[in-house]
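The structure under discussion appears below in the form of structure tokens.
Rule-based calculations on the coordinates, nothing more; no lab input. Fair warning: this is a prediction, and the values are worked out from it, not measured in the lab. Cβ coordinates were reconstructed from backbone atoms using ideal geometry, including for glycine residues, and neighbour counts include every protein chain displayed.
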Amino acid sequence: MYIVQIASECAPVIKAGGLGDVVYGLSRELENRGHCVELILPMYDCMRYDQIWGLHEAYRGLNVPWYGGVISCNVYCGWVHGRLCFFIQPYSGDNFFNRGYYYGGKDDNMRFAFFSKAALEFLLVSNKRPHVIHCHDWQTGLIPVMLYEIYQHNGLGGQRVCYTIHNFKHQGIAGADILWATGLNREGYYFHYDRLRDNFNPFALNCMKGGIVYSNYVNTVSPHHAWEARYQDVGYGLGHTLEIHQSKFGGILNGVDYSIWGPESDRNIPYQYSLDDMSGKALNQKALRERLLLQDVDKPIIAYIGRLDQQKGVHLVHHAMYYALNRGAQFVLLGSATESSINDWFWHEKNHLNNNPDVHLEIGFNGELAHLIYAGADMMVVPSNYEPCGLTQLISLKYGTVPIVRGVGGLVSTVFDRDYDQNHAEEKRNGYVFYETDNHALESSMERAIGLYKKFPKEFEQLRQQGMEYDYSWTNSGGNYENIYEFIKAF
């Protein structure tokens, strides 16, 4: 099959979160399965140009219809770690992608509506006719809308769309101006509840809802989160829309690219190790302590890697830090805050604990350090309020770092409590799970994990190894997407 992925991120050239990892990892797996895969991305001024090989101009003078006129673009082409990527660069006073950031502009709706329009226009004029267009999150929610309402009549009539939602919280709420900008125009038509009108604001349009309504198949990134999105509040108001379109909605678990995240070959850690030879784990732990100036003592290292925000259960992250220290463990944090108040809070904690030899807070994003923390830590806390899939726990398992997770979304689909899981044999259990959002629930799981480490070290090592035996690579997930593509291509 010929597949085009259209997204706002692709790691490592454009990465703000897990979306970039998924777009890259899935594309690589599909290519390994023999499919032709191309990616279309915005050409941000702040992306990692050093991660692109052979960047060159591929199409000059792409005139994208916009507000009754046109915006001229050039399309550049290059390879990102073997993936063929096209980057759209518009020349306009709007400076859509020359902002020094990926997201956060007041006109993000317009920025990504333009990107979606330009991506379709590029497919049209370059005579690219993929079997499947795979779109991701609200930023590309208008692509199936415009494909069905405009571009199928202009020459893109045979394309099918798979639309993957990674996070329901951000939906692309817009006004009527987005219709006039993109050429959709008919306000009365699109403000209908069955099309783009937001489910709770009759004066707003919802780009993600448009993606759900118009695409041929919709999925989120774990089966359990698909259920949550329909029946709990993590669908952020789209539950009824998903109910209407349930026949084309499901969940496919994300995978991990083990060529990047695998202790056997990880170039970002000083000592490689594997399930058959775990000696490097202890050496990496020593290296982690040296790098972060932690005292070299026989204490478990508990870590947190991820954003510091409400979705990730930031109040429990904070509590986990002090509970770990009070229970004779060390704690390492790597994360950046999405709100100034949370940033100030954790900088205060960092300064307060600066002289404590058992804790280190690294506030910001450091990809290389993340690898070393996964390799050197004994346990990883993931106390999310909601988590569509989660990559942190999947990577932790591969590195023999026991996950302690809240039982939501993809976390409960991949981590099975050592003591209480009733659906897996003891030799298949791989971590600790708690369900409530209070401190006591977190403490219960952390206490069990720390207790096993201290009192029954052989059993803790066995738990490490049971986690490493799981295969959460893209192999299974890639096959599931392949099946979806074949299904929607058939009609």
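Some observations on this one:
- Between the C-alpha center of region 117-137 and that of region 450-465 there is a gap of 51 Å.
- Cross-link reach list, lysines versus LYS128, counting only Cα pairs under 18 Å and skipping chain neighbours closer than eight places: LYS117, LYS489
- Dipole orientation for the chain: of the candidates TRP66, ASN385, LEU411, TRP66 has the Cα lying most toward the positive pole (charges on Cβ; Lys, Arg +1; Asp, Glu -1).
- Per DSSP, loop chymotrypsin sites (Phe, Trp or Tyr not before Pro) in region 141-215 with at most 15 further Cβ within 10 Å: TYR193, PHE200, PHE203
- Alpha-carbon centroids, region 208-259 and region 169-184: separation in whole Å: 21 Å
- The charge dipole of region 300-399, taken about the Cα centre with unit charges on the Cβ atoms of Lys, Arg (+1) and Asp, Glu (-1), comes to about 180 debye, rounded to the nearest 20.
- In a simple Cβ point-charge model (Lys, Arg +1; Asp, Glu -1; nothing else charged), region 27-140 has a dipole of about 160 debye relative to its Cα centre.
- Helix 18-32 vs. the chain, principal-axis angle (Cα, 0 to 90°, nearest 10): 80 degrees
- Once the Cα atoms are used to define both axes, helix 314-326 deviates from the longest principal axis of the chain by about 10 degrees.
- Mean separation of Cα contacts under 8 Å (6+ apart) over length of region 1-135, as relative contact order %: 29 percent
- Taken over the Cα atoms of the chain, the convex hull encloses 145 Å³ per residue.
- Relative contact order (percent, whole number), region 279-472, Cα cutoff 8 Å, 6+ residue spacing: 21 percent
- Note on the chain: dipole from Cβ charges, positive end direction compared against VAL234, LEU334, HIS153; the farthest Cα belongs to HIS153.
- Whether region 279-472 is rounded, prolate or oblate, judged on the alpha carbon gyration tensor where a/c under 1.5 counts as rounded: oblate
- Oblate is the label for region 115-180, because a/c, from the alpha-carbon gyration tensor with a ≥ b ≥ c as root eigenvalues, is 1.5 or above and a/b does not exceed b/c.
- Shown for SER92, SER473, SER341: other C-beta atoms within 10 Å of each C-beta, ranked fewest to most, produce the order SER341, SER92, SER473.
- The mean sequence separation of alpha-carbon pairs under 8 Å and at least six residues apart, normalised by the residue count of the chain, gives a relative contact order of 12 percent.
- Region 346-458 shape via C-alpha gyration tensor axes, a/c threshold 1.5: prolate
- When only the Cβ of Lys, Arg, Asp and Glu is charged (+1, +1, -1, -1), the dipole of region 279-472 relative to its Cα centre reaches about 380 debye.
- Highest mean first, the peptides 289-300, 222-233 sorted by other C-beta atoms within 10 Å per residue fall in the order 222-233, 289-300.
- Acute angle (nearest 10 degrees) that the helix 340-352 long axis makes with the longest principal axis of the chain, alpha-carbon atoms: 20 degrees
- Label positions at GLN152 and ILE363, each projected 7 Å from the Cα along the C-beta direction, are separated by 5.1 nm.
- Cα-based reach from LYS169 at 18 Å (exclusive), listing lysines while leaving out same-chain residues under 8 positions away: LYS106, LYS209, LYS312
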